[in-house]
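The values are calculated or read from the model by the stated rules, or taken from the named source; none is laboratory data. The model shown is predicted, which means the values in this text are computed figures rather than measured ones. For neighbour counting, all protein chains shown are included, and Cβ atoms are generated from backbone atoms with ideal geometry for every residue, glycine included. Surface areas here come from the heavy atoms of the whole protein model, side chains and all, with no ligands, DNA or RNA. Shrake-Rupley method; radii C 1.70, N 1.55, O 1.52, S 1.80 Å.
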Amino acid sequence: SAMIPDQPNDDHLNDPRFQSLLVECLEKLERGETLDVNHLLEAHPEHAESMAAFLADQAMLRRVASGVLDSLSGQSPMQPGAPVDETIDSNPKPSGFVAGEQIQYIGAYEILDEIARGGMGIVFKAKQQKLNRIVALKMILSGQLADATDIERFQREARAAGQLKHPNIVSIHEVGEHHGHHYFTMDFIDGHSLADEIRDEVLSPRRAAELVKIAAEAVEFAHAQGILHRDLKPANILIDDEQQPHITDFGLAKVVGDDDTRAELTASGQILGTPSYMSPEQATGKHSHVGPATDVYSLGAVLYACLVGRAPFVADSPVDTLLQ
């Protein structure tokens, strides 16, 4: 409809009543209910214009409402002075997976523990029975509810990382599906993320330079294979027990020249990445300008965070950070 605006009103985004309305809509979507667009617009005339923009773009509704929920629960890293590690373009859906309970085995893997969860994936520590080895198993968070776009992005991550054999890039082992749940397995890095390390205290200049140098060499290797990461940040750099960095989470990876990826981004005009670490061309949605320099910018932001303890740009909300 010509009446639907392209962007929501920024003032409304900061209105607690409007935020509550978005969260209510998200909860309905999570329950599988259909949103009654006309009813919502009539019931909330003061927010009708901005609401129409969200209802026309449910992916935007999901990610903004999820950010509001995180803020309300106190789990949001979007606080001045703290590293900001939340990836935009997430589509989180609830997962009932608990180690040893509802899902004990996936394929030939025994679930041991949950390591982390992000925008669209959950990572488990698992044991591969046949080889008797510990691996990390990443599963699409939305499981059987995943749409084609979720699954394609998830599989693209596996394909992109699977092409990269480098000592400082987390290796992919196997891609599979179990009862409608898409997953892949990768090296288990017994350690912590760089985000965890700099959350406690900043690094010395030499240590920061050494880590980012090694990470940069791994990123250069990926670029030589035609792979852009597009979401480099401290949370996606794992530090092993020998203090060596390993780049992971190619969820937004782009194969240079990949027509499917280009078409997806051009059609949606969506903003992909993590606000505090994304390049200006990502923040403005200028995807035709995204290239190797995009990852180089993010590496610079990572180096900044290592030295200062916070990202270069940090605001109270993802929208405000993007405006910075």
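Of note:
- In the structure shown, the pairs K127/K165; K125/K165; K138/K286 are assessed against 28 Å; a Cα-Cα span above that value is assigned to K138/K286.
- Taking amide H positions as modeled 1.01 Å from N, with prolines and chain starts lacking one, the residues under 5 Å from H192 and 5 or more places away or on another chain are I239.
- Label-to-label distance, nm, for residues given as R117 and A59 (7 Å Cα→Cβ offset): 2.2 nm
- The distance between label points at R17 and E42 comes to 2.0 nm (points 7 Å beyond Cα on the Cα→Cβ vector).
- Neighbour net charge for A43 - beta-carbon separation under 13 angstrom, K R +1, D E -1: -3
- Neighbourhood charge, 10 Å Cβ-Cβ cut-off, centred on D240 and excluding it, Lys, Arg +1 and Asp, Glu -1: -4
- Counting only protein chain heavy atoms and rolling a 1.4 Å probe, the accessible areas of I134, I189 rank, largest first, as I134, I189.
- Volume per residue of the convex hull around the Cα atoms, evaluated for segment 123-239, comes out as 120 Å³.
- Placing dummy labels 7 Å off each Cα toward the beta-carbon, the span from H178 to A148 is 2.8 nm.
- Residue-by-residue Karplus 3J(HN,Hα) for segment 198-207, coefficients 6.51, -1.76, 1.60, Hz, glycine and proline x: 7, 5, 7, 6, 5, 8, 5, x, 5, 4
- Cβ-derived FRET efficiency at R0 25 Å, Q225 paired with K286, nearest 0.05: 0.55
- Placed amide H near S171: partners under 5 Å, 5+ positions off or other chain: D187
- A Förster distance of 25 Å, applied to the separation of the beta-carbon atoms of Q155 and H192, puts the FRET efficiency at 0.35.
- Straightening the chain between E242 and Q324 buys 25.8 nm, computed as 0.36 nm per residue apart minus the Cα-Cα spacing.
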